[in-house]
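Some notes on the structure that comes next.
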Amino acid sequence: MKNPLDSLWGTVISGLVITVILYNIVKFALQ
Amino acid sequence: MGDFIQLGLGRWLHILAGVMWIGLLYYFNFVQVPALAEAAKDGTAPGITKHVAPRALFWFRWAAVVTWLAGAMILGSHFLDAFLFRATAYYPIGVGAWLGTIMIFNVWVLIWPNQQKILGLKPATDEEKAKARRVAFLASRTNTMLSIPMIFFMVASGGVFKTAFFG
């Protein structure tokens, strides 16, 4: 599998995915 | 007066230095790396690696230090509440602070020492330079990736913004 960090789009999309995951974890923890 | 300096001026400095740090990080990833690949084809890369990269790296790594220290100053007595997730109010900034801390670790432990080898500021064999190039590249890309959630949690950590995101 290609490393997503080798492309700029892969890097940005990975960052957005991590944001959504962490956001939901924190939102759940704050409920 | 204490709040004026710690929270007011502290946050201003945190954002000023943070813009310089992350701005230069984006410059490296979105501008310099692709430009160097093109410049290598027509022999103009040394202009960038000799005159631009060392200056950009200087401001980049020291802006990272100022950003982190100013952030620690803003947290003040709540530093451990954020980093150890001791109070729910500090969960969002705790995540942002951890992401920023991982990023400054990458700057000083992975990016800067390897860039010194790549730019010839530290002696290295061709094999060591090739390895250094890959490590520095991936650490820089990791920071670009982490900057996205890091900035999200920074802007989602206070007042009306926190309420907007987390209720």
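Throughout, read-outs are computed from the coordinates displayed, never taken from laboratory work. Being a predicted model, the structure only gives us computed values, none of them experimental. When we count neighbours, we look across all protein chains shown, and the Cβ atoms used for this are built from the backbone with ideal geometry, even at glycine.
Mind checking which residues of the stretch B:78-115 are in contact (Cβ under 8 Å) with a residue 60 or more places away in the chain and within 12 Å of chain A (Cβ to nearest Cβ)? Within the stretch B:78-115, B:92, B:93, B:96 meet the criteria.
Restricting attention to the stretch B:153-167 and to residues that are free of Cβ contacts under 8 Å to residues at least 12 places away in the same chain and part of a helix (DSSP H, G or I), the residue that is nearest to residue B:104 (Cα to Cα) turns out to be B:155. Hey, does the stretch B:47-55 have a residue that's outside any helix (DSSP H, G or I) and over 23 Å from residue B:148 (Cβ atoms)? There is no residue in the stretch B:47-55 that is outside any helix (DSSP H, G or I) and over 23 Å from residue B:148 (Cβ atoms). Given the conditions (1) in contact with a Pro (Cβ under 9 Å, 6 or more places away or on another chain); (2) farther than 15 Å from residue B:142 by Cα, which single one is not true for residue B:99? Checking residue B:99 against (1) in contact with a Pro (Cβ under 9 Å, 6 or more places away or on another chain); (2) farther than 15 Å from residue B:142 by Cα, the one that fails is (2). Got at least one residue in the stretch B:125-145 being within 14 Å of chain A (Cβ to nearest Cβ), among the β-branched types (Val, Ile, Thr), farther than 28 Å from residue A:27 by Cα and out of contact with any His (no Cβ under 6 Å at 6 or more places or on another chain)? Looking for residues that are within 14 Å of chain A (Cβ to nearest Cβ), among the β-branched types (Val, Ile, Thr), farther than 28 Å from residue A:27 by Cα and out of contact with any His (no Cβ under 6 Å at 6 or more places or on another chain), one finds at least one in the stretch B:125-145, hence yes. Restricting attention to the stretch B:116-127, the residues that are surrounded by fewer than 18 Cβ atoms within 10 Å (Cβ to Cβ), free of Cβ contacts under 8 Å to residues at least 60 places away in the same chain and not small (Gly, Ala, Ser) total 6.
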